[in-house]
Amino acid sequence: MDNKKMVQVLEPIVRLENVRSMGVIGDPGCEGLGTYNMKVYAGALEESSQDDITLIAGDLVPDGTGHHYQAIQKLTEALAGNPVYCLRGNHDTGAYAEYFGLKNYALLTDDFAVVVLDNAVRSFEEEGLLLLKQVLSMDEVERAVIAFHIPVPNHFIQNCVSEEEFVRLKSAYAPWKSKVKYLLCGHVHSRFEDQVDGIPLICTGGGGAMIEDVSKDIRACDVEHHIVHFYMKEGQLTHRIADLSDDCYRREREDPVLRDNLEETVGGELMAHFRYLMYADRAKRRGMRWIEALFRALAASEYYHARSFYSILDQPGPFTESAQTFVPGEEFEYNYLYQMLAGYAKDHESPLTEQAYTGAAMAEKVHGALLRQAEDMDHFAETIYVCPVCGYVMVGAAPERCPVCGGPEKQYEIYGGGYL
């Protein structure tokens, strides 16, 4: 018996017993399959495991090579709690059929049908439209979801198939339109709900890819990663959106051996990051630009390694509430810890250490004030200057020289006004 979770569909019509609900995950892998992104997908699979089946609404992988399909398949098999079906997105090219089977197919449950249509190249295939007609014409099918990757024309975005393609789709379902309860798509790294041709349209692309601004009305900061649950309620097919927290996956953090090793690895990667950055600074002072570039690149790589490991351990709160959680740590450092350590260094005639802690404490005090301002995220708009010599932070008009170490204004790093 085949116990694989990720299903390769080999028949155009698949009948499923004891299926009452379906979870839908959109766009988990088009931006890459690194640990940082895949943590969201892992959490999405866990959330979707409460349903009887899962459907991935396209873009499982960044491109359709066997290597990437094997990676997403391995991860899915390890984490999924139910059978996982896929539809093809515009990134799912190449060897898609070898791993996941047919691009156009239908799932028939006792309560509803899901007709999966391939429009990854912005047109519906004729065989898919014929299958849609066949399924909708069945007397046993009373409710249907039509699922595809790229949205049809709607009231929110222009990134969709042409009106002519939508006419082809409408012509296929028109005789049985009353049976079509939802149109479902992905592709857009956000989410919205609309009514098109009198049918609810759900666009969901929040299963792993970074959420993006879609319009002035659909901003990234207003949308969480999420999945969609479809289920029967009082004889009707309905749905609900389940937001995924930034702390949506915990399995490996709960293993004490893995947790300790991950923490140690994060520290090692960050130390390598700092060592490489400092050597890059030395190379810059000597005019060795290519060596500087090499070590800045290596430092960036080490940072991203550390981010991957730390993302497994990270336990962030809701984004809009998180800025304020950093304030107590900053206040403790500048009010107590750094003053105490600077005093110890002074008593033990260690002037460089005293200087480092004293200067850092002054910067940490500004950090705390800025973080308190940032609690009102929508109205925070400060141009910030950082002295690269000592790390002091300045806001507003930049002084000619750093008030802590005297570093010149021309060296300041600018954040905010310089690129917004």
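Going through the stretch 139-165 one residue at a time, which ones are assigned to a helix (DSSP H, G or I) and open to solvent by less than 60 Å² (accessible area, probe 1.4 Å)? Can you show your working first?
The first filter runs over the stretch 139-165 and keeps only residues assigned to a helix (DSSP H, G or I), leaving 163-165.
Listed by number, the list holds a single entry, GLU165.
Need the failing condition index for VAL84 against (1) open to solvent by less than 10 Å² (accessible area, probe 1.4 Å); (2) without any contact (Cβ under 8 Å) to a residue 40 or more places away in the chain, just the number.
Result: VAL84 passes all but (2).
Residues of the stretch 342-352 being among the small types (Gly, Ala, Ser), surrounded by fewer than 17 Cβ atoms within 10 Å (Cβ to Cβ) and part of a helix (DSSP H, G or I), which ones? First the steps, then the outcome.
So the first thing to find is which residues in the stretch 342-352 are among the small types (Gly, Ala, Ser), and the list is 342-343, 345, 350.
Okay, now just the ones that are also surrounded by fewer than 17 Cβ atoms within 10 Å (Cβ to Cβ), so 343, 350.
The one that is among the small types (Gly, Ala, Ser), surrounded by fewer than 17 Cβ atoms within 10 Å (Cβ to Cβ) and part of a helix (DSSP H, G or I): GLY343.
Within the bounds of the stretch 98-105, is there any residue that is at pLDDT below 95 and either closer than 25 Å to ILE218 by Cα or open to solvent by 40 Å² or more (accessible area, probe 1.4 Å) (or both)?
For the stretch 98-105, residues at pLDDT below 95 and either closer than 25 Å to ILE218 by Cα or open to solvent by 40 Å² or more (accessible area, probe 1.4 Å) (or both): present.
Out of the residues in the stretch 5-56 meeting the condition of being among the polar types (S, T, N, Q) and open to solvent by 10 Å² or more (accessible area, probe 1.4 Å), tell me which one is nearest to MET210 (Cα to Cα). Talk me through it step by step, then tell me what you get.
Initial filter on the stretch 5-56 (among the polar types (S, T, N, Q)): 8, 18, 21, 35, 37, 48-50, 54.
Next cut, open to solvent by 10 Å² or more (accessible area, probe 1.4 Å) only: 8, 18, 21, 35, 37, 49-50.
Working: GLN8: 27, ASN18: 34, SER21: 27, THR35: 13, ASN37: 8, SER49: 22, GLN50: 24 Å.
Looking at the filtered set, the residue picked out is ASN37.
Given the conditions (1) free of Cβ contacts under 8 Å to residues at least 60 places away in the same chain; (2) loosely packed, with under 15 Cβ neighbours inside 10 Å, and given that ARG251 satisfies all but one, which numbered condition is not satisfied?
(1)
Return yes or no: is ASP118 part of a loop (DSSP other than H, G, I, E, B) and loosely packed, with under 13 Cβ neighbours inside 10 Å? Please lay out each step first, then the result.
Values: part of a loop (DSSP other than H, G, I, E, B): yes; loosely packed, with under 13 Cβ neighbours inside 10 Å: no.
Against the criterion (part of a loop (DSSP other than H, G, I, E, B) and loosely packed, with under 13 Cβ neighbours inside 10 Å), ASP118 does not qualify.
Determine which member of the set TYR69, TYR99 is farther than 28 Å from LYS170 by Cβ and touching a residue at least 60 places away in the same chain (Cβ under 8 Å). So that I can check it myself, show each step before the final result.
Numbers: TYR69 fails: touching a residue at least 60 places away in the same chain (Cβ under 8 Å).
Answer to the selection: TYR99.
So ALA397 clears everything in (1) within 23 Å of GLN324 (Cβ to Cβ); (2) out of contact with any strand residue (DSSP E or B) (no Cβ under 8 Å at 6 or more places or on another chain) except one condition, right? Which one?
Failing condition for ALA397: (1).
Among the residues of the stretch 74-118, count how many are of a type in the set (Gly, Ala, Ser) and touching a helix residue (DSSP H, G or I) at 6+ places or on another chain (Cβ under 6 Å).
Keep residues of the stretch 74-118 that are of a type in the set (Gly, Ala, Ser), which gives 78, 80-81, 89, 94-95, 97, 101, 106, 113.
Now drop any that are not touching a helix residue (DSSP H, G or I) at 6+ places or on another chain (Cβ under 6 Å), which leaves 80, 95, 106, 113.
Number of matching residues: 4.
Pairs needed: first member in the stretch 401-413, of a type in the set (A, V, I, L, M); second member anywhere, surrounded by 13 or more Cβ atoms within 10 Å (Cβ to Cβ); C-beta distance under 6 Å; at least 6 residues apart or different chains.
Hits for this filter: VAL404/GLY359; VAL404/MET362; VAL404/CYS390; VAL404/TYR392.
Report every pair of residues separated by at least 6 positions or lying on different chains whose Cβ atoms are under 8 Å apart, first residue within the stretch 289-313 and in contact (Cβ under 8 Å) with a residue 40 or more places away in the chain and assigned to a helix (DSSP H, G or I), second open to solvent by 50 Å² or more (accessible area, probe 1.4 Å) and not hydroxyl-bearing (Ser, Thr, Tyr).
ALA306/LEU270; ILE312/GLU252; LEU313/ARG259; LEU313/GLU263
Within the stretch 355-362, does at least one residue satisfy the condition of being at pLDDT below 90, under 30 Å from ASP255 (Cβ atoms) and assigned to a helix (DSSP H, G or I)? If you could, list the steps in order and put the result at the bottom.
Within the stretch 355-362, the subset at pLDDT below 90 is 355-362.
From the residues that got through so far, the ones that are under 30 Å from ASP255 (Cβ atoms) too are none.
Looking for residues that are at pLDDT below 90, under 30 Å from ASP255 (Cβ atoms) and assigned to a helix (DSSP H, G or I), one finds none in the stretch 355-362, hence no.
Go through GLN339, GLN355 for me and flag whichever is loosely packed, with under 15 Cβ neighbours inside 10 Å, farther than 30 Å from GLY32 by Cβ and without any contact (Cβ under 8 Å) to a residue 60 or more places away in the chain.
Details: GLN355 fails: loosely packed, with under 15 Cβ neighbours inside 10 Å.
The unique qualifying residue is GLN339.
What about ILE211, is it farther than 20 Å from MET38 by Cβ, of a type in the set (Val, Ile, Thr) and surrounded by 17 or more Cβ atoms within 10 Å (Cβ to Cβ)?
Judged against the criteria, ILE211 is not a match.
Residues HIS239, HIS225: which one is over 25 Å from TYR357 (Cα atoms) and open to solvent by less than 40 Å² (accessible area, probe 1.4 Å)? Talk me through it step by step, then tell me what you get.
Numbers: HIS239 fails: open to solvent by less than 40 Å² (accessible area, probe 1.4 Å).
Within the list HIS239, HIS225, the selection yields HIS225.
Please pick out the residue among ILE227, ILE218, ILE202 that is in contact with a Gly (Cβ under 8 Å, 6 or more places away or on another chain) and either more than 26 Å from SER49 (Cβ to Cβ) or of a type in the set (A, V, I, L, M) (or both). Quick ask: steps written out before the conclusion?
Details: ILE218 fails: in contact with a Gly (Cβ under 8 Å, 6 or more places away or on another chain); ILE202 fails: in contact with a Gly (Cβ under 8 Å, 6 or more places away or on another chain).
Just one listed residue meets the conditions, ILE227.
Looking at the stretch 121-138, which of the residues that are in contact with a helix residue (DSSP H, G or I) (Cβ under 6 Å, 6 or more places away or on another chain) and part of a helix (DSSP H, G or I) is most open to solvent (accessible area, probe 1.4 Å)?
Applying the filter and picking the extreme gives LYS133.
Out of all the residues in the stretch 262-273, which are without any contact (Cβ under 8 Å) to a residue 24 or more places away in the chain and open to solvent by 80 Å² or more (accessible area, probe 1.4 Å)? Lay out the reasoning, then the answer.
The initial filter retains those residues of the stretch 262-273 that are without any contact (Cβ under 8 Å) to a residue 24 or more places away in the chain, namely 264, 267-268, 271.
Matches in the stretch 262-273: GLU264, MET271.
Filter the stretch 12-23 down to the residues that are assigned to a loop (DSSP other than H, G, I, E, B) and among the aliphatic types (A, V, I, L, M), then identify the one that is farthest from THR65 (Cα to Cα).
Restricting attention to the stretch 12-23, the residues satisfying the condition of being assigned to a loop (DSSP other than H, G, I, E, B) are 12, 16-20.
This time we only want the ones that are among the aliphatic types (A, V, I, L, M), so: 16, 19.
Values: LEU16: 30, VAL19: 32 Å.
Here the residue is VAL19.
Restricting to the stretch 303-336, what's the tally of residues that are open to solvent by 90 Å² or more (accessible area, probe 1.4 Å), at pLDDT 90 or above and over 26 Å from MET377 (Cβ atoms)?
Counting residues in the stretch 303-336 that are open to solvent by 90 Å² or more (accessible area, probe 1.4 Å), at pLDDT 90 or above and over 26 Å from MET377 (Cβ atoms) gives 0.
The values are calculated or read from the model by the stated rules, or taken from the named source; none is laboratory data. Please read all numbers here as calculations on a predicted model, not as lab measurements. Please note: Cβ atoms are built from the backbone with ideal geometry, for glycine as well, and neighbour counts cover all protein chains shown. For the accessible areas, the whole protein counts, side chains as well, though only heavy atoms, and no ligand, DNA or RNA atoms are used. Shrake-Rupley method; radii C 1.70, N 1.55, O 1.52, S 1.80 Å.
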